[in-house]
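The values are calculated or read from the model by the stated rules, or taken from the named source; none is laboratory data. If you're wondering where the values come from, they're calculated on a predicted model, not measured in any experiment. Here the Cβ is made from the backbone with ideal geometry for all residues, glycine too, and neighbour counts use every protein chain on show. Just the protein is used for accessible areas: all its heavy atoms, side chains included, with ligands, DNA and RNA removed. Shrake-Rupley method; radii C 1.70, N 1.55, O 1.52, S 1.80 Å.
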Amino acid sequence: MIVFTAFHVYWYFGGTFGFGDASATVPQTKTVGDWVFAAVISVMFLVGALVPFALHRPWGRTVPRWILHCCTWTGAVLPIVRGMAGVLDSVVRHTGLLEDGLTGLSEEQVSGDADPTGYTEWSTTATDLYFVIGGVLFTVAALRYRRSLATTSARH
């Protein structure tokens, strides 16, 4: 999560590694809704970076179990759904099944370029798969946490 968050901070400040040679890497925040969305995502990154530590550090025992449980499963499901949606969107767009993908957005709206290079396409696919990997790692953490709760309850 720390690496994941670091990449997002890097991208927020204009970094382009991971986006290929796309011209637009950061969505514009023009409306109040955009700012609220950006704030919610930022809080989710912060919580996502703290949850793995809370699962295994003594100070994490002060956090109610149900909160940690919900956070680990949210950290598991959301990145998998987001990553797989990105992969599926690319597949249906590039195979011609749906010209504007699952989202209904043109290639230019998605990548910032009307005709993105192969480098950009592979970079965005790698980013989508990176989300999936993060979700799988959170799934492992959620399952291990659930197992540790069951073991702790059985001992008491």
Worksheet item: In the chain, carbon and sulfur make up what percent of the accessible area (probe 1.4 Å)?
Response: 69 percent
Worksheet entry | Spatial extent of segment 31-156: Rg and Dmax, with the Cα atoms as the point set, Å | 18.6, 61
Worksheet item: What 222 nm value per residue comes from the helices of the chain, counting each DSSP H run with n ≥ 4 as -39,500 (n - 2.57) and dividing by all residues, nearest 500 deg cm²/dmol?
Response: -24500 deg cm²/dmol
Item to complete: Assign one of three labels to segment 1-68, namely rounded, prolate or oblate, based on the Cα gyration tensor with a ≥ b ≥ c the square roots of its eigenvalues; rounded applies when a/c is under 1.5, prolate when it is not and a/b is larger than b/c, and oblate otherwise.
Response: oblate
Worksheet item: How much of residue 31 can a 1.4 Å solvent probe reach, expressed as accessible area in Å² and rounded to 10?
Response: 70 Å²
Worksheet entry | Cα long-axis angle, helix 32-56 against the chain (0 to 90 degrees, to the nearest 10) | 40 degrees
Discussion item. Can you give me the distance in nm between label points at residue 94 and residue 126, each placed 7 Å from the Cα along the Cα-to-Cβ direction?
Written reply: 1.3 nm
Practice prompt. Determine how large the accessible area of residue 35 is when every protein chain is in place; take a 1.4 Å probe and give Å² rounded to the nearest 10.
Written response: 140 Å²
Item to complete: Mind checking the per residue accessible area of segment 1-71 for me, 1.4 Å probe, whole number of Å²?
Response: 72 Å²
Worksheet item: What dipole magnitude, in Debye to the nearest 20, does segment 61-135 give about its Cα centre under +1 on Lys/Arg Cβ and -1 on Asp/Glu Cβ?
Response: 820 debye
